[in-house]
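The values are calculated or read from the model by the stated rules, or taken from the named source; none is laboratory data. Source: prediction; values computed, not measured. All Cβ positions, glycine included, derive from the backbone under ideal geometry; neighbour counts span all protein chains shown. The accessibility values were calculated without ligands, DNA or RNA, using every heavy atom of the protein model including side chains. Shrake-Rupley method; radii C 1.70, N 1.55, O 1.52, S 1.80 Å.
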Amino acid sequence: MAHSAPAIVILGNGSLATARKIAQLYPGALIHGLAERVEGADRVYHEFGATLRELYQQDTPIIALCAAGIVIRTLAPLLLEKGAEPPVLAVAEDGSAVVPLLGGLGGVNVMAREIAAGLDVAAAITTSGELRFGTCLLNPPSGYALGDLELGKRFVSDLLAGEHVRIEGAAPWLAQVQLPQDPEAHLSIHVGSAERTPAANELLIYPRSVLLAVSASVADLPQAIRAALRQAQVAGQSLACLLAPVTEMANPTLREAALELGVPLRFASAASDASELARGAVPGATIIPIDANLALAIAEQPLDIAQIGRPRGRLAVIGLGPGAAELMVPAVKAELARATDVLGYETYVRMAGPFRADQVLHCTDNREEMQRARHAFELAAQGRSVIVVSSGDPGVFAMAAAVLEALHESSEPAWHSVDLEILPGVSASLATAAQAGAPLGHDFCVMSLSDNLKPWSIIEKRLDLAAEADLALAFYNPISRSRPWQLGRALEIVAQHRTPETPVVLGRDIGRPGQTLRVTTLGTLTPEQVDMRTMVLIGSSTTCTFPRAGGGEWVYTPRWYGEKPVS
Ligand code: SAH
């Protein structure tokens with residue numbers, strides 16, 4: 001199984017040198033350092049246990065630079081659950097020992113050997129089959145699938161007990177395994193893509209060597225595919241990918257079928273029928289037509305998917321949240337890991353990093369939003385996996401609307417076929433409000449005070465009406481060097497409807513280094529206290545404050561309006 005890049009988790013600065021050496025072995029690996037103990041980690045965490053368990057549940061390989069016992073105790077509660085089992089290793093902080101702990105079927109021993117080689121020590125491999133045969137029979141490389149795991153386990157223990165084995169069929173990978181081979185052996189390993197009931201003492205291994213071409217929409221596609229495989233007597237485990245014409249790229253049935261069958265979906269130029277499509281994609285393969293819309297291509301060896309057509313391009317418009325990694329939603333983290341291209345204003349792209357060397361960064365000026373949106377579609381239409389970054393939420397005065405506007409204006413079918421998704425983030429108003437208490441706890445109005453893309457007169461009108469309606473107010477883009485007087489004018493308008501005692505929250509660089517939170521009142525607020533990195537929250541007539549233990553004040557707007565309900 002293919003895993004994401006590992007997380008290297010460290011507890012102190014003493015492990016940093018070893019962690020860096022290991023990180024070099026895995027592109028995309030991030031070093032997670034304990035807050036206030038580690039300087040210079042890629043990610044900061046606050047709680048070791050919670051962090052390790054979260055990584056484990058997300059199926060992220062874990063390399064923990066600490067005692068094996070700590071890792072075992074931390075993950076123990078999760079081990080009885082079925083679900084993810086990523087590789088987990090403990091590595092001595094000075095790099096002198098590498099201990100694979102969990103994830104035998106996820107390739108933990110392979111990782112242990114890689115890391116040990118990188119650190120110039122020996123890995124503590126304890127798996128007998130692997131020690132004896134040099135590889136794990138139960139964990140074939142990506143082009144092969146094991147027929148039956150339980151049977152496989154019995155096989156390995158029989159081999160360990162001294163049995164010999166015959167190999168039928170071609171699997172270059174098996175040739176490298178130091179198996180005790182004997183043409184007369186009664187145990188056999190059969191490699192092939194044909195559907196087959198295993199004979200007694202036979203272990204089946206399927207090469208992923210079969211492509212299924214779908215040239216037009218087919219009703220109940222997964223069912224039709226299973227029937228086609230049965231008809232051609234091909235084992236389902238040998239199916240390596242689905243191939244469809246580019247004109248069907250946005251077809252949800254295809255996407256769902258590929259997901260259900262657990263195989264990648266690729267696209268090629270349209271052909272006269274499915275057989276033609278299959279033939280063009282896998283030269284030299286045996287073509288088995290099923291009907292005009294379905295055909296199989298069966299190759300001798302596992303297919304190299306990257307060489308077949310191209311994938312559907314993806315464009316994700318993501319919100320990073322205010323800045324702190326803890327406030328970034330997991331879907332966005334996953335998207336950052338899969339992206340091939342990252343577009344955005346340089347500050348935000350840097351905030352979203354670090355990135356792997358194979359990820360292309362396209363940093364642009366903050367104002368070139370439409371150009372950036374079009375560039376994103378051009379890249380995604382080539383089959384790349386593109387992300388456009390915004391801070392906070394991408395739908396709040398940010399890139400999502402620009403991306404949709406670019407698509408709306410375009411009549412390019414390739415752009416409309418892109419797998420477009422908007423992934424939300426914690427917007428600055430919400431992050432600021434949370435730190436202050438609940439100033440937006442009742443109806444509120446969100447406004448940008450920037451008059452770059454709208455006339456100032458409409459801003460004044462909306463301010464006036466929102467203030468009159470007694471909504472709490474959240475101001476984005478409150479002031480800048482090119483817009484020096486607007487905030488003062490906005491506050492004058494609000495002051496016509498609110499008392500000078502109205503609570504005001506100023507959040508600057510919330511969730512970022514050097515953040516400040518300040519609670520003041522409308523009467524004492526001046527534009528000099530605000531800059532373009534500040535979020536301004538102005539209370540309604542019911543917003544109130546009270547002292548918080550430890551200093552400062554809580555600010556909240558009650559859920560009710562008018563008369564307090566009896567509770
Ligand atoms: N999409 C962003 C907003 C972009 S507009 C979001 O949803 O948060 C930019 C404005 O947002 C800034 O001028 C500032 O008013 C506010 N802002 C963005 N990040 C902030 C942060 N970390 N702290 C305080 N205000 C922030």
Review point. If the viscosity is 1.306 mPa s and the temperature 10 °C, what Stokes-Einstein diffusion coefficient in µm²/s follows for segment 144-207 when Rh is the Kirkwood radius over Cα pairs?
Key: 134
Revision key, fill the gap. Any residue on another chain or 5+ positions along whose placed amide H is under 5 Å from the amide H of Y45 is listed here as G33, L34, A35
Exercise for review: For segment 433-556, count the residues as N, evaluate 2.2 N^0.38 Å, and divide the Cα radius of gyration by that value, please.
Suggested key: 1.00
**Study point:** Nearby aspartates and glutamates by direct alpha-carbon distance to K153 (threshold 16 angstrom, same-chain neighbours under 8 apart not counted)
**Key:** E130, E163, E202
Study note, to complete from the structure: Applied in sequence order to segment 508-523, the curve 6.51 cos²θ - 1.76 cosθ + 1.60 (Karplus, θ = phi - 60°) yields integer Hz couplings, x standing for Gly and Pro, of 10, 6, 4, x, 10, x, x, 4, 10, 10, 9, 10, 9, 10, 4, x
Point to revise | Within segment 1-81, GluC sites (Glu not before Pro) in DSSP loop having at most 16 other beta-carbon neighbours inside 10 Å | key: E36, E39, E47, E81
Revision key, fill the gap. Whole-percent carbon and sulfur contribution to the accessible surface of segment 433-556 (1.4 Å, no ligands, DNA or RNA) stands at 55
Practice item. Distance between Cα centroids, segment 28-76 to segment 216-247: provide it in whole Å. Key: 41
Check your understanding: Carbon and sulfur together cover what percent of the accessible area of segment 314-426 at a 1.4 Å probe radius?
Key -> 52
Check your understanding: Taking only protein heavy atoms and a 1.4 Å probe, what accessible area per residue, in Å², does segment 157-231 have with all protein chains in place?
Key -> 48
**Study point:** Å² of accessible area per residue within segment 7-126, as computed with a 1.4 Å probe and no ligands counted
**Key:** 47
Check your understanding: Considering amide H positions built from the backbone, and no H for Pro or chain starts, which residues 5 or more places from V360, or on another chain, come under 5 Å of its amide H?
Key -> D341, V342
Exercise for review: Tally the DSSP beta bridges in segment 384-534 and give the antiparallel ones as a percent, rounded to 5.
Suggested key: 60
Point to revise | Charge context of A438, other residues only, Cβ under 14 angstrom, K/R +1, D/E -1 | key: 0
Study note, to complete from the structure: Residues meeting the amide H criterion for L203 (H placed from the backbone, H to H distance under 5 Å, 5 or more places apart or on another chain) are S188, I189, H190
**Study point:** Residues of type lysines that K21 reaches as a straight line, Cα spacing below 29 Å, ignoring anything fewer than 8 places off in the same chain
**Key:** K333
Practice item. List the equivalent ellipsoid semi-axes of segment 140-267 in whole Å, largest first, each obtained as the square root of 5λ for an eigenvalue λ of the Cα gyration tensor. Key: 35, 13, 11
Check your understanding: Which loop GluC sites (Glu not before Pro) in segment 300-340, with loop taken from DSSP, have no more than 16 other Cβ atoms within 10 angstrom of their Cβ?
Key -> E300
**Study point:** Residue-normalised accessible area of segment 314-426, given per residue in Å² at a 1.4 Å probe
**Key:** 44
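When the helices in the chain are scored as -39500 (n - 2.57) per DSSP H run of 4 or longer and the sum is shared across all residues, what 222 nm value do you end up with, to the nearest 500 deg cm²/dmol? Walk me through the numbers before you get to the answer.
Values: 18 runs with 170 residues, N = 567.
Mean residue ellipticity, 222 nm, calculated: -8500 deg cm²/dmol.
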**Study point:** Kirkwood Rh in Å, taken over segment 314-426 so that all alpha-carbon pairs contribute
**Key:** 13.6
Practice item. Using DSSP, restrict attention to beta bridges with both residues in segment 144-207 and report what percent are antiparallel, rounded to the nearest 5. Key: 25
Exercise for review: Determine the share of segment 144-207's accessible area contributed by carbon and sulfur atoms, expressed in whole percent, with a 1.4 angstrom probe.
Suggested key: 49
Study note, to complete from the structure: the chain, Kirkwood Rh and Cα Rg, ratio Rg/Rh at 1.06
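Could you check what % of the DSSP bridge pairs in the chain are antiparallel, to the nearest 5?
Counting DSSP beta bridges with both partners in the chain, the antiparallel share is about 40 percent.
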Check your understanding: Just how much of R338 is accessible, in Å², when a 1.4 Å probe is used and the result is rounded to the nearest 10?
Key -> 130
Review point. What is the local net charge at V263, summed over the other residues whose Cβ is closer than 13 Å to its Cβ (Lys, Arg +1; Asp, Glu -1)?
Key: +2
Review point. Got a sec? What order do M351, M535 fall in by accessible area at 1.4 Å, biggest, i.e. largest, first?
Key: M351, M535
Review point. Which number do you get for Rg(Cα) / (2.2 N^0.38 Å) in segment 7-126?
Key: 0.96
Check your understanding: Taking segment 210-307 on its own, what percent of its Cα-Cα pair distances exceed 16 Å?
Key -> 47
Review point. K564 accessible area, nearest 10 Å², 1.4 Å probe?
Key: 130
Study note, to complete from the structure: With DSSP loop assignment and no more than 13 other C-beta atoms within 10 Å, the chymotrypsin sites (Phe, Trp or Tyr not before Pro) in segment 474-566 are W485, W560, Y561
Check your understanding: Taking 0.36 nm per intervening residue step and subtracting the Cα-Cα distance, what contour gain separates T247 from N201 on full extension?
Key -> 11.8 nm
Practice item. Just report the Cα centroid separation between segment 519-567 and segment 484-501, whole Å. Key: 15
Practice item. Leaving ligands, DNA and RNA out of it, work out the accessible area of E368 with a 1.4 Å probe and give it in Å² to the nearest 10. Key: 70
